[in-house]
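The values are calculated or read from the model by the stated rules, or taken from the named source; none is laboratory data. These numbers were taken from a predicted model, which means no experiment stands behind them. Cβ coordinates were reconstructed from backbone atoms using ideal geometry, including for glycine residues, and neighbour counts include every protein chain displayed.
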Amino acid sequence: MMQTIIEPFRIKSVEPLRMTTEAERQAYLKAAKYNLFSLKSDDVLIDFLTDSGTSAMSTRQWAGIQMGDESYAGSPSFYRFEAALRELAPFKHIIPTHQGRAAEKILFSIVGGKGKIIPNNTHFDTTRANIEATTTEALDLVKKEGLDPQSDLPFKGDMDLDRLRELLQTRGDDIPLVMLTITNNSGGGQPVSMANIKATKALCEEFNKPLILDACRFAENAYFIKLREPGYADKSPKEIVQEIFSYADGMTMSAKKDALVNMGGWLAINDDELAMQARNVLILTEGFPTYGGLSGRDLDAMAIGLEEVVEEDYLSYRITSTAYLGNALEKIGIPIMKPVGGHAVYIDARAMLPHIAPQQYPGQSLAIEMYRLGGIRTCEIGTVMFGRQADGSEKAATMDLVRMAIPRRVYTQSHIDYCIECLAEVNANKHRLKGLKISWEPPMLRHFTAHFEPITTC
C-alpha cells in the first residue's frame, strides 16, 4: 500500500504569487504599524492568516454557481442548500447568514443580557465579542489539559464537565444556552470527542439548557473522532457528522471553513420561538430568510461544499498535510501545540521566545519575523487577542500562540517545505527577536487594527 498521501485533486487554474524581498517586507511592516492584518495581500507570499473564506472551490462548486438563482424569496438555490445541510444536520429551522459572526450576532442579541453567562469549551474572538457586546459573560471551560500545549492527548478540546456541572448548579438561571466549539480553534484546533459531546448534551438535558455547536470545522472534528476514538474507525465521516449533530439543539456556522466556500454561514435551531425571533432580526440586518445576506450562487456553492467536505479522501489529505507541517517543525525544535490540529499548526511562542514577556507579545513578535524573513503571514492568538480585560486592564493570556491556518486545497507540499525552511532560520536566530508595545488600539477586537512599535531597549 502506498504511504504517500497525495492531494485528491488536480490543479486546473493558477494564481501567480508576487515574490518580494526582505527589504520590501520590512517597509511594508513599518507602513502597516506591524499589524499583519493591515498588510496588502498582494505583498504576502504564503498566507496563513486564516483558513476562513480562503478555500479553493472545486469545479463542481464553480459549475453550481452558474445554477444560482437570485430570486429575492423562495430561490431554488436556498432549497438545494437546505437539503444538503439537512442531510448532515437535520435541524428544524435553517437560517442562512452572510457569515458565521452574523449568526452569532443574531443569536446572542436574542438570548444575551446583563448578568447572563454563556459557557463554552473556548470562545473564539468574534464569538466572545458578540457575547460581551450584549453585556453577557463569555466563560471558557475547556478541560485543563487543553491549556497545556505540550500535553499530547487525543481530545484536548473537550469541555470540563465537572466545571460545567458546578456552573449549571450555581448559576443555572443565568445561563440561556451552552456552547461547544468543534474543533476548538482558540485552544489550538483541538477536537472534541463524541463521548464529551454526548456527556455535554446529557448535562444540558439534566438542567434543561439547549446545546448549541459552534461547528465551523465539524468535518475535521469528525475525522479526528474516526482516527482516535474507539468504536468509530469503521464509520464514515458523514455518519460521524450526523451523530454529532444529533446531540445538538442548534448550531452557528461559518461556511467559510468546512463548507469550502469564500462567503456564507447559517444559524440552525430546533426551537420555534427562538427561530421566529431570529428570522425577525435576520430580515432587519441580513435579508429575507431564504437568502439571508447571500447571493443564490453562494447558497449553491455551499450546498456542494457540504457534500465534498465529508469525503474521506479529502479529509485524509487535509489532516495528513497539516500534520506534515507540524511534525516537521517539532523535529527542528520549534515547540507547537500538540497534537497537531486539523486546520492549523499552532506555534507555542511563549515557549519558543521565553526572553519576551507575555505583555510584550511574543506571538506578535514571532509572526512579524516570519513575514519579514519569508513573506509568511500568520495570526497571533494570545495576549494581543485576549489580554485586554473588560475593565480595560491588561492580563497575560493563558497561552501565546501563533496560528498557521492552512487554506483548504490551496498550497502544495513545496509551499509547506518553504515555510519549514523559513521557520528553521527563524528558530536559529530567535534570541535576536524583541518584544513590542501597542501604540494605539480600538476599544474591542484590538488585534485586527492595533498599531505596534518594536521595543528597542531591554
request  = Would you check which residues across region 227-249 are in contact with a Leu (Cβ under 8 Å, 6 or more places away or on another chain) and either in a helix (DSSP H, G or I) or not assigned by TED's automatic domain parsing to the domain that holds residue 156 (or both) and list them?
outcome  = 237, 238, 241, 242, 244, 245
request  = Go through 380, 394 for me and flag whichever is charged (D, E, K, R) and crowded, with 22+ Cβ neighbours inside 10 Å.
outcome  = 380
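For region 305-320, enumerate the residues that are in a helix (DSSP H, G or I) and over 16 Å from residue 216 (Cα atoms).
Let us first name the residues in region 305-320 that are in a helix (DSSP H, G or I), namely 305-308, 312-320.
Within region 305-320, 312, 313, 314, 316, 317, 320 meet the criteria.
Within region 147-184, how many residues are in a loop (DSSP other than H, G, I, E, B) and polar (S, T, N, Q)? Give the steps one after another, and end with the answer.
Step one: of region 147-184, the residues in a loop (DSSP other than H, G, I, E, B) are 148-158, 160, 175-177, 182-183.
Those left that are additionally polar (S, T, N, Q): 150-151, 183.
Matching residues across region 147-184 total 3.
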message = Can you tell me which condition residue 276 does not meet? The list is (1) within 30 Å of residue 153 (Cβ to Cβ); (2) out of contact with any helix residue (DSSP H, G or I) (no Cβ under 8 Å at 6 or more places or on another chain); (3) not basic (Lys, Arg), and all the others hold.
response = (1)
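Just checking: which of the strands (runs of 3 or more DSSP E) contained wholly in region 381-458 hold 2 or more residues that are within 25 Å of the chain's Cα centre (by Cα)?
Working: elements: 401-405, 436-440, 451-454.
Counting at least 2 such residues, we get 401-405, 451-454.
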Complete set of residues in region 211-226 that are not in a helix (DSSP H, G or I) and not small (Gly, Ala, Ser) = 211, 212, 213, 214, 216, 217
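In this structure, does residue 47 turn out to be buried (at least 18 other Cβ atoms within 10 Å of the Cβ), closer than 29 Å to residue 403 by Cβ and in contact (Cβ under 8 Å) with a residue 12 or more places away in the chain? Don't jump to the end; show me each part of the working.
Details: buried (at least 18 other Cβ atoms within 10 Å of the Cβ): yes; closer than 29 Å to residue 403 by Cβ: yes; in contact (Cβ under 8 Å) with a residue 12 or more places away in the chain: yes.
Taking the combined requirement at face value, the residue satisfies it.
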task = Scan region 21-28 and give yes if some residue there is surrounded by 15 or more Cβ atoms within 10 Å (Cβ to Cβ) and under 22 Å from residue 446 (Cα atoms), otherwise no.
result = yes
message = Taking the criterion of being under 23 Å from residue 72 (Cα atoms) and basic (Lys, Arg), would at least one residue in region 302-325 satisfy it?
response = no
remark   = When residue 9 is run through (1) in contact with a strand residue (DSSP E or B) (Cβ under 8 Å, 6 or more places away or on another chain); (2) at pLDDT below 95, the failure sits at (1)
note = Scanning region 28-57 for residues that are more than 18 Å from residue 378 (Cα to Cα) and more than 26 Å from the chain's Cα centre (by Cα) gives none
note = Expected single match for aliphatic (A, V, I, L, M), assigned by TED's automatic domain parsing to the domain that holds residue 238, surrounded by fewer than 18 Cβ atoms within 10 Å (Cβ to Cβ) and touching a residue at least 40 places away in the same chain (Cβ under 8 Å) among 102, 83 is 83
